[in-house]
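What follows is a short report on a single structure.
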Amino acid sequence: MKAAYGTQREDTGSVCGRTDTGYGLTYNWNRLGDGKHTLRVYADGVEFGRVRFTVTTLGHDYLKDLPIYERTLSNFPTTGKDTTLRWSEAHQNFIIVGVQ
């Protein structure tokens, strides 16, 4: 699968002279199934990253018809800040709906 590339990463400028080195890929990890997996990352056909990770599912590829669920995380992302998350069926993830 191809990942989007070119988002800003200020932390890479001192290493490689560029800051447009971020990349990302949205994927439904539930589709991999429970267990250990390996993710490999390539640029121009050359592997430059590899990570092992474990997936634990709720037994379904896609969660639907869940009740509205919100959770406020105190002192996140920094001390004195509270971040509210809400489950989003469309995203199949929690999204940030407020920071105070």
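Observations
- Residue selected from region 6-36 under the condition of a type in the set (S, T, N, Q) and closer than 26 Å to E89 by Cα, by the criterion surrounded by the most Cβ atoms within 10 Å (Cβ to Cβ): N30
- The single residue among T54, T79 that is touching a His at 6+ places or on another chain (Cβ under 9 Å) and exposed (fewer than 11 other Cβ atoms within 10 Å of the Cβ) turns out to be T54.
- Going through (1) at pLDDT 90 or above; (2) within 22 Å of W29 (Cβ to Cβ); (3) part of a loop (DSSP other than H, G, I, E, B) one by one, L66 falls short only on (1).
- Out of G45, G59, one residue alone is at pLDDT 90 or above and either exposed (fewer than 10 other Cβ atoms within 10 Å of the Cβ) or at positive phi (or both). It is G45.
The values are calculated or read from the model by the stated rules, or taken from the named source; none is laboratory data. This is a predicted model, so every value here is computed, not measured. Using ideal geometry, Cβ is built from the backbone for each residue, glycine included, and neighbour counts are taken over all protein chains shown.
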